[in-house]
Amino acid sequence: MMHKILPLLFIVFSTTAFAGKITGTIKDDKGNALSYASISVKEKGGGTTANQQGHYLIELPAGDYTLVVQYVGFAKQEKKVHVGDTDMQLDFVLQPSQLQLKDVVVSSNGEDPAYAIIRHAIKKREAYHNALDSFTCEAYIKTLIKTRALPRKVFGQKIDSADLKQMGVDSAGKGVIYLSESLTKIAFKKPDKVKLEVISGRESGTNGFGFSIPTFIDFYTNNIQIMGGQFAPRGYVCPIADGALNFYKYHFLGSFFEDGREINRIQVIPKRKYEPLFSGTIEITEGDWRIYSVDLMLTKESQLEILDTVKITQIHFPVTKDIWRTKDQVLYFTFKKFGIDAVGNFLNVYNNYNVTPTFKKKFFNNIIMKFDTGVNKKTTAYWDSVRPVPLEPEEIKDYTVKDSMYRYRRDSSFTKRYQDSLRRMQGKVSVMNILWNGFNRSDYDPKNYTTIQWQPLLKQVQYNTVEGLALNAEATFSRGFPSINRELSFTPHLRYGFSNGHLNGWGTLNYHTRSNWPGINNNMDDESSLHANNFSLSGGRRISQFNKENPISPLFNSLYTLFFNHNYMKIYENNFIQFDYNGAAQSGLKYAAQLLYEDRIPLDNTTDFSIIKYDPQKFTPNYPSEKIDSQFIRHQAVVASLSLSYQPGQKFVQFPDYRVPLGSKYPTFTLSYQKGFKNIFGSDVDFDKWNFSVTDDINFKLAGQLSYRIDIGGFLNDKSVFIQDYRHFNGNQIIFASRYLYSFQAAPYYANSTTASFYSTLHVEHHFNGLLTNKIPLFKRLNWNLVAGTNAFYVNGNNNYVEVFGGLENIFKLLRVDIVGSYLNGNNGQVAVRIGLGGLLGGKIKLE
């Protein structure tokens, strides 16, 4: 549910004047700094947190107080202090907790005493998870990501000195690459109502809002989601989950006393490698069996993806006599891949808990996160006054250098000298740019910028049996008007077929209106924001596939034509004019409308050239010969389309000027309608067809994720329907997989196309995400996961199709391989192999 989504939380102090400032350091008995140690004020209930070097700072009104310092694995220490008019220094040296093993009773069967403690904690888990009907608190989040080394190239792209300077790292690739802070108010009410109000946010070197998405890592839940499930969709088994004894071994390390309360320290050990399990220690209070602290680790042997390690530490404290909550949480991570060595941490400090809040009527609504209008406009003095954790020297330097560079770029953007320097940095357009790399150029006018984007020629070369070698040229010219949030672009296309000698040209005029703008308001993508609208007008002469959903890509068709004598892609020429409009309402309703005129012209094969020739040649006519007996006749069509899509229960993030949908627990419903008009501009078509679909992804956590799509539809009127307007079922006859959940991996392309009054389709696939394969030695080390499902459509007894498939995904984090068995019209079809993109990274790549 997030900005690609990765979570955390923060703290605020009173705005009244302070009389005294207390600073100091917190170290262990050997002089080592205790990073992010927790400092609380016994009389006030609030507190602060030390930074990575163990330094802390707290401001208090005049009076007498008791400072309490805690750190996981160390004995709590208290010191009384009198705060007057002058600043003072107060240092702490913590001693390791003195664990006691006396009076430990070992059961007759030799069971470690840790198991009895864990069983008590498991029994109490649900009660503590549901202890509060509602609460509010404040959260401070600081996110820091640093590189320890960088390669000279990443994915073939050179990293030069200018890139290193822009990132803020030295010549060795060491330095801070991301730093942010945020301050958020959090409100919760059972069963699942949440409201987050981001008061302030700061991001080094930009005007961004910072990493402001708070989340509680709740160890009273059975399944723990880390970073929104981005790196492990199954989640992780909590050490005190209902079934934890089936997954973990436990060892009693001893106990110690704090404030008269006995604390048990227990080592948590996974029973098996390559399962979603933690290792480390958990501390549980004696008698009431609460979590006192956690110090837990995830590694590759925990099925952690992308990152190498994640470490989570938490300290819990009593908000009231009977209610405990998390006070401090730090999540550390390491990443070492592709020559990039990076580390980072997400510090969360929670404060000002109110466990009996009252909320105004309709306080909770579909806006679950709201940013204050001045969220990124706070001064340095403001941050110095509210920050509970002192900045590190490198963080102070990062803010100073990068913020000054940002201000210089912002203030200089209107000067001709600065614009000229940016234009020079773009370099000259080379032959390689034109042929292979492409290029983007801008005049960098901040008031009304102009850009050109060129698509490389060689990457657009195609081959088919109609045009032979086909060359394409495409560029986009844009004019932006940031002050009114508008952009106007024009994209001309040219296409020439060497075999049939046809030169086709068409263009698209696009007009954007949106509530956010690139480079402004945290750079949110306009496609994901709401109240974004797009108008486009296209026209000219072009080449189109008979199925407008383009079931086969031109690249794959070129390969199969040249090397296997299969010309699967069927195309026709058309003179056309097309108007499109699409957008989204604040409610989350998405809508699209299209009005199309086409003068459809048949095309025939003009070449049978192929690099590898078969005898006899397998080329088929350039029309859907599985469905129609001969080439269609030239005709005209005027077709109007309307589509509405809505997901009930949609939640939103409200930024100062726009909102972004986060999804919901309900499916997405889409209704579309298409009308062919007779005798308008000579139109020969006359039909009405509709389609209704339901799509959803359901995360069963440890059991994997289920994705499905169900469609029903049909023709209400089929008086005059040409093959281009049939209901096509997206087939696939090549080894490369077509779009999952939208196609049939082993079905013919056009054999089952229909004008029936009713049809239905079903797509279901289950991603096991490590379930079962974590029992297979090789697969569990590689993190290759099972995927299985079925695709089917039904028109009537003579027109139906079913396929079942099973395979592996997350191969090298990118690939997916399926074995597909099909049944066509009640008869055995084929068994085929399909290779596509799937897994942690591959599943997020969208191919055109």
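The values are calculated or read from the model by the stated rules, or taken from the named source; none is laboratory data. The shown structure was predicted, so the numbers you read here are calculated from the model rather than taken from an experiment. Every residue, glycine as well, gets a Cβ built from its backbone with ideal geometry; the counts of neighbours run over all protein chains shown. Quick note on the areas: whole protein, heavy atoms, side chains included, nothing else; ligands and nucleic acids left out. Shrake-Rupley method; radii C 1.70, N 1.55, O 1.52, S 1.80 Å.
Take the residue pairs 190/321; 618/719; 27/146 and return only those whose Cα atoms are more than 28 Å apart.
Long pairs (Cα-Cα over 28 Å): 618/719.
Tell me the angle of helix 393-412 to the major Cα principal axis of the chain, expressed in degrees between 0 and 90 and rounded to the nearest ten.
That works out to roughly 40 degrees.
With every protein chain left in place, what is the accessible area of residue 710 in Å² (1.4 Å probe, nearest 10)?
The accessible area of residue 710 comes to roughly 70 Å².
Show the residues, 5+ positions off or on another chain, whose built amide H is closer than 5 Å to the amide H of residue 242.
none
Each residue of the range 265-271 in turn: what ³J(HN,Hα) in whole Hz from Karplus with 6.51, -1.76, 1.60 and θ = phi - 60°, glycine and Pro shown as x?
3J(HN,Hα) across the range 265-271, in whole Hz: 9, 10, 7, 9, 10, x, 6.
Rounded to the nearest 0.05, what FRET efficiency do residue 608 and residue 414 give with R0 = 45 Å and r taken as the Cβ-Cβ distance? Could you check?
It comes to 0.15.
Please state the equivalent ellipsoid semi-axes for the chain: what are the square roots of 5 times the Cα gyration tensor eigenvalues, largest first, in whole Å?
Equivalent-ellipsoid dimensions as semi-axes: 56, 33, 25 Å.
For the range 148-277, what is the accessible area per residue in Å² when the probe is 1.4 Å?
Accessible surface, normalised per residue, equals 43 Å².
With label points built 7 Å along Cα→Cβ from the Cα atoms of residue 593 and residue 126, find their separation and express it in nm.
Modelled inter-label distance: 5.3 nm.
Peptides 835-843, 335-343: what's the order by average Cβ count within 10 Å, highest mean first?
For the peptides 835-843, 335-343, the packing ranking is 835-843, 335-343.
By how many nm would the segment from residue 98 to residue 646 lengthen if fully extended, with 0.36 nm per residue of separation less the alpha-carbon distance?
So the chain would gain 191.4 nm between residue 98 and residue 646.
Which aspartates and glutamates does residue 21 reach when only Cα atoms under 12 Å apart count, and residues fewer than 8 places away in its own chain are ignored?
Here the aspartates and glutamates satisfying the reach criterion relative to residue 21 are 59, 85, 87.
Amide H of residue 449: which non-local residues (sequence gap of 5 or more, or other chain) have their own amide H closer than 5 Å, using H built in the peptide plane?
Those qualifying (amide H under 5 Å, at least 5 residues apart or on another chain) are 480.
Order these peptides, 262-271, 573-582, by their mean beta-carbon neighbour count within 10 angstrom, highest first.
Going by the mean number of other Cβ atoms within 10 Å, highest first, we get 262-271, 573-582.
For residue 634, enumerate residues with amide H under 5 Å from its amide H, sequence gap 5+ or separate chain, H modeled in the peptide plane.
none
Tell me, what ³J(HN,Hα) does each residue in the range 246-263 have, in order and in whole Hz, if you take phi through Karplus 6.51 cos²θ - 1.76 cosθ + 1.60 with θ = phi - 60° and put x for Gly and Pro?
Running phi through 6.51 cos²θ - 1.76 cosθ + 1.60 with θ = phi - 60° gives 7, 10, 10, 10, 10, 9, 6, 8, x, 9, 8, 10, 9, 6, x, 10, 7, 10 Hz.
Tally Lys and Arg at +1 and Asp and Glu at -1 over the other residues with C-beta under 9 Å from the C-beta of residue 159: what net charge comes out?
Computed value for this residue: +1.
Rg(Cα) of the range 755-848 divided by 2.2 N^0.38 Å?
1.28
Would you mind putting 651-664, 248-261 in packing order, based on average other-beta-carbon counts within 10 Å, highest first?
651-664, 248-261
Rounded, prolate or oblate: which one fits the range 704-802, using the alpha carbon gyration tensor with axes a ≥ b ≥ c (rounded when a/c is under 1.5, else prolate when a/b beats b/c, else oblate)?
Prolate, because a/c is 1.5 or more and a/b exceeds b/c.
Please give every one of the lysines within straight-line cross-link reach of residue 775, meaning a C-alpha to C-alpha distance under 22 Å, and leave out same-chain neighbours fewer than 8 residues apart.
249, 271, 273, 300, 701, 813
From the phi of every residue in the range 228-243, what ³J(HN,Hα) in whole Hz does the Karplus formula 6.51 cos²θ - 1.76 cosθ + 1.60 yield, where θ is phi - 60° and glycine or proline is x?
Karplus-based 3J(HN,Hα) across the range 228-243 equals x, x, 5, 9, 6, x, 6, x, 10, 6, 5, x, 10, 5, 4, x Hz.
What is the helix-to-structure angle for 416-425, meaning the angle in degrees between its Cα long axis and the longest Cα principal axis of the chain, kept from 0 to 90 and rounded to the nearest 10?
70
Set the bar at 30 Å for Cα to Cα. Now go through 590/844; 548/651; 185/665 and name every pair that lies beyond it.
Listed pairs above 30 Å: 548/651.
Taking the Cα atoms only, what angle lies between the long axis of helix 554-564 and the longest principal axis of the chain, rounded to 10 degrees?
60
Need one number: the % of Cα-Cα pairs in the range 594-702 sitting beyond the 21 Å mark.
67
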